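All of the numbers you see were taken from the coordinates with simple rules; none came from a lab. On a predicted model such as this, the values are computed, not experimentally measured, just so you know. Here the Cβ is made from the backbone with ideal geometry for all residues, glycine too, and neighbour counts use every protein chain on show.
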Amino acid sequence: MPRTMPTPPAPFRRVDPLADTSARRIYAVLRAAIRRGELDSTDALAEHDLVPSLRAGRNSLRAALQMLASEGMVTRRQRVGTRVSGRPVLHIASDDDLPADHLDRLRIEHLDQRLIPVPRSVRSRLDVEVHEVYRLEQIVYLDDEPIIWRFAFVADLAGDDKHRDIGANIVRSTGRPTALSATFEAIYGVAPETVESTVEAVAADDSTAEVLQVSPGAPVLLREIVMSVAGGRTVVLGYQHMRADRIAFVNRQG
């Protein structure tokens, strides 16, 4: 009776006991590297390189890459691999409302601009006694891609000798992409004393999804901006819906 040769043992595989098994943490690290420009469309995200460099579990890394792919941050193709998509994340300073590094590629579409009686909800936020505000609504495009849907209420301070022709100033200053503080100064003739903003992630409703060309329910950034003149008087109240897959806020100090 022929003898059966024993099956050779499987080769020993060393397992890193400290390997990160959280796909969410690996996703956050890779997404931040893409956002900062440390990884770009020329870089192949090879698993055999990323596993040791990130000390990541292979299955967790694959899950993280799939999360990035679902956001459009990377593209994944069989036999080709994973690469960063060609669309960079746009950086907006915390006291601005447009990506300063890409102003030459921005285009503004005006949807509405009119003088209206102050809505009650807006009156409670303003620190000036006015009966009318200018309501502005715009879409901001990067090339042909909508990235921001914004509207604002701008107090009409025509009764103040320093702030005449507010409406004409708005027309001249909001038709081209400029820094937020420069737009404010062009409207009121003075720099803003304070700029406060609150940002939160929300799910895109049907209207927002249609304007920004994302899926309903996709995460978008909702930002409220409050701007004041001397004495802390609030004169501008603005709201912006921004594509969360295309925009990140930065706060540079020093």
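A convex hull fitted around the alpha carbon atoms of segment 90-250 yields 107 Å³ per residue. Here the residues Arg77, Arg24, ranked from fewest to most Cβ neighbours within 10 Å of their Cβ, fall in the order Arg77, Arg24.
Working from the pairwise distances between different alpha carbons, so that the mean of 1/r is found and then inverted, what is segment 23-84's Kirkwood radius in Å? By the Kirkwood definition, the hydrodynamic radius is 11.4 Å. If we count every other residue with Cβ under 14 angstrom of Gln78's Cβ, Lys/Arg +1 and Asp/Glu -1, where does the sum land? With Lys, Arg at +1 and Asp, Glu at -1, the net is +4. Among Asp104, Asp43, the order by Cβ neighbours within 10 angstrom, fewest to most, reads Asp104, Asp43. Peptides 112-119, 137-144 ordered by packing proxy, namely the average of other Cβ atoms within 10 Å per residue, highest first: 137-144, 112-119.
The charge dipole of segment 90-250, taken about its Cα centre with unit charges on the Cβ of Lys, Arg, Asp and Glu (plus for the first two, minus for the last two), comes to roughly 260 debye. Net charge around Ser197, counting only other residues with Cβ within less than 9 Å of its Cβ (Lys, Arg = +1; Asp, Glu = -1)? Residues near Ser197 contribute -3 overall. By other beta-carbon atoms within 10 Å, ranking Met227, Met67 with the fewest at the front produces Met67, Met227.
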